[in-house]
Amino acid sequence: MVLGCGNILFGDDGFGPEVVEYLQKSFQIPSNVFVCNTGLSVREILFNIILSEKKPKKIIIVDAVDFGKNAGLTFQLDVNDMPEIKCDDFSMHQAPTSNLLKELKNNCGVETKIIVVQIKLIPEEVSVGLTREVKNSIPAACKMIMDEIGLQ
């Protein structure tokens, strides 16, 4: 599963959904890979996966973070290194979402990968669209995803 998280109404927070859209338009996704724009619903989806008898082998989360790095830097983040707070109150980084990912990894045997971009701006008011730096990092994130899937 590839889950693009974020709120497209708040600048760079919309990175996950934008990556998923680009991925679906630009790459041949294998039939055994589910790609979804989860928007702000990632907690509910992860909770349902935990309760489900059938679980995916791997979940790849795509989101935006603020670690104070150079805007647009794309990198993998370990579930244990996820920041506890993000600007958006519905963030996947806040408990219980980070706890759900840890539960999937540690107790359910689901491999978890988190691909993130360093934000430049998440505005306090509605502002649709990614900054240039974050938008330019979409292809790099897609390459990381395709590498995780095992395709190029």
Next on the checklist: I need every pair where a residue in the range 135-152 that is within 16 Å of VAL35 (Cβ to Cβ) has its Cβ under 6 Å from the Cβ of a residue that is at pLDDT below 95 and part of a loop (DSSP other than H, G, I, E, B), sequence separation at least 6 or different chains.
Outcome noted: MET146/GLN152
Checklist outcome for this item: If we ask which residues in the range 32-68 are of a type in the set (S, T, N, Q) and either under 16 Å from ASP147 (Cα atoms) or in contact with a strand residue (DSSP E or B) (Cβ under 8 Å, 6 or more places away or on another chain) (or both), their number turns out to be 3
Checklist entry - Can you name every residue in the range 33-53 that is modelled with pLDDT under 95 and either more than 19 Å from SER98 (Cα to Cα) or of a type in the set (Gly, Ala, Ser) (or both)? => result GLY39, SER41, SER52, GLU53
Next on the checklist: Return the residues of the range 1-56 that are free of Cβ contacts under 8 Å to residues at least 24 places away in the same chain, basic (Lys, Arg) and not in a helix (DSSP H, G or I); say none if nothing qualifies.
Outcome noted: LYS54
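The values are calculated or read from the model by the stated rules, or taken from the named source; none is laboratory data. Quick caveat: nothing in here was measured; it's all calculated off a predicted structure. Don't worry about glycine lacking a Cβ; one is built from the backbone with ideal geometry, like all the others, and counts go over all protein chains shown.
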